[in-house]
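Only one structure is covered here, and it is reproduced in the block below.
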Amino acid sequence: MTKKKTTAKPTYDYDAIVIGTGPGGEGVAMQLSKAGKNVAIIERYRSVGGGCTHWGTIPSKALRHSVNRLIEYNTTPLFSENHVNHNLTFSEVMRQASGVIKNQVRLRSSFYDRNRVKLYHGEASFIDKNTLKILREDGSEDTLTAKQFAIATGSRPYCPDDIDFSHPRIYNSDTILSLDHDPKTIIIYGAGVIGSEYASIFRGMGVKVDLVNMRERLLSFLDAEISDALSYHLWNNGVVIRHTETYKSVEGRDDCVVLSLESGKKMRADCLLFANGRTGNTDMLNLDSVGLKADSRGQIKVNKNYQTDVDNIFAVGDVIGYPSLASAAYNQGRFAAEAMLDGATDDRMVEDIPTGIYTIPEISSVGKTEQELTAHKIPYEVGRAQFKHLARAQIASTKVGSLKILFHRETREILGIHCFGERASEIVHIGQAIMQQKNGGNTLDYFVNTTFNYPTMAEAYRVAALNGLNRIFIDE
């Protein structure tokens, strides 16, 4: 009797290797490690955290916070009796941000130690679908194998070849953090989220800002009223916004930067921030070796479980494109890890993501816009609360802004929450929580019948809900 030949299962160094330590990569690694898997994670740079911690979310929001406090100081009568504004340079404000970055790196590093995730530093590239090469800073190499991989390499600013980004007066959204002089004027090319946020930051520091927008209105994905409110607020604070413009050339000179537009206009400023899109960090991964191909913006296509066209390779975060938010990336990482563990087939794509835009004032929203509801012929009504009428806003001198609730006229189901004003990114989560309630729990009645602390900004929900109900009662 002949014995059956058994094929030995391949052995790997790790069950899974994650490439990138930003929010997406961290989400994958933590979830897999807590499930008992042997996990390694690779970071290209010396410190963990990815672009979110070092060049994007954390430093820009720390900058915004400091500048906003500066504005409050200069506009509060308690501190402005001598009518002299206090000024700070960009590099002075950045010192505060650098402290936050160090704290974040220390915290995030401890997660990998505590969860026994092996951390490698170096640039990763595929050899085949189960093998990875790590090129270290000193030129040495490591080769690692794994059953599964997760790509979470993030993105970098899109930098066209016809602009000289090595010029000391021309910046992208990463290099602007190293600005070490005190510009009096700046041109920001690109009026998306990043461009709008930096326009607020620089204007808050007293810098004259020209904001060049390729589209007809700012942040056109927002509810139109909120977009208009941002445009008005920037305009009212002295930002010059130029819509439907594209650049023809950018010339860096010794004493200035000259931007020529296709419309024939020429603009001059002390420096230029180019903030027009981002590119996925995939060009160094040698994707051809595993049969993957990134699109023209370096992004990888995935299915509803964040699985690429190669069954054992997954991808999350900026490298897969929309929504390119740190908050969404972490959940994408968790969901991808679950799919890596059990091959989940449920639709786990992160949806109903709150939008958080850290302009001054902030913008945040979740759910449908008025334009979307109108297009789908959904009978809705609007409830509004102006911050200037809230006692807490009057006390804190944060009277600019409003909360808008969109709800179904007949069922009173909440369809969208839109907030413009200080702490908007915090305020929106109250509405988001109610919108997630099932079995009739998502209605305007919650805000009408709930007692809110007084005085609070949260009270805006009750004011807006009553305002909306009054509109219905008037028509009945």
Taking a ≥ b ≥ c as the square roots of the Cα gyration tensor eigenvalues, with a/c under 1.5 meaning rounded and otherwise prolate when a/b beats b/c or oblate if not, region 274-413 comes out prolate
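Lysine pairs in region 73-218 with Cα distance under 22 Å, only those 8 or more apart or on different chains: how many are there?
Lysine pair count for region 73-218: 7.
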If the convex hull of the alpha-carbon atoms of the chain is projected onto planes in all directions, what is the mean projected area in square nanometres? 30.0
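So if each residue of separation counts as 0.36 nm, and I subtract the Cα-Cα distance between residue 310 and residue 34, what length gain in nm does that give? Can you show the working numbers first?
Numbers: separation 276, 0.36 × 276 = 99.36 nm, distance 2.48 nm.
Stretched out fully, the residue 310 to residue 34 stretch lengthens by 96.9 nm.
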Percent breakdown of C-alpha pair distances by 10 Å bin, ordered from the shortest bin, for region 62-149: 13, 23, 22, 16, 13, 9, 3
Residue span residue 106 to residue 74: 0.36 nm per residue of separation minus Cα-Cα distance leaves a gain in nm of 8.1 nm
Given 5 Å bins starting at zero, what is the percent of C-alpha pairs of region 231-303 in each, up to the one with the largest pair distance? 3, 11, 15, 14, 13, 11, 11, 10, 7, 3, 1
Run the numbers for residue 256 and residue 451: contour at 0.36 nm per residue of separation, minus the present Cα-Cα distance, in nm. 64.6 nm
If the limit is 32 Å between Cα atoms, which of 37/368; 301/404; 61/399 go over it? 37/368; 301/404
Could you check the spin-label model distance between residue 240 and residue 439? Points 7 Å from the Cα along Cα→Cβ, value in nm. 6.1
Two-site FRET efficiency, residue 410 against residue 371, from Cβ-Cβ distance with R₀ of 22 Å, rounded to 0.05: 0.60
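How many Å³ per residue does the convex hull of the Cα positions in region 338-476 occupy?
Working: hull volume 20.6 nm³, N = 139.
In region 338-476, the Cα convex hull volume per residue is 148 Å³.
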Two-decimal ratio, region 371-442, of alpha-carbon radius of gyration to 2.2 N^0.38 Å: 1.22
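None of the figures in this text is laboratory data; all of them are computed from the coordinates on show. Since this is a predicted model, take the numbers as computed values, not measurements. FYI the Cβ positions are ideal-geometry reconstructions off the backbone, even for glycines, and counts take in every protein chain you see.
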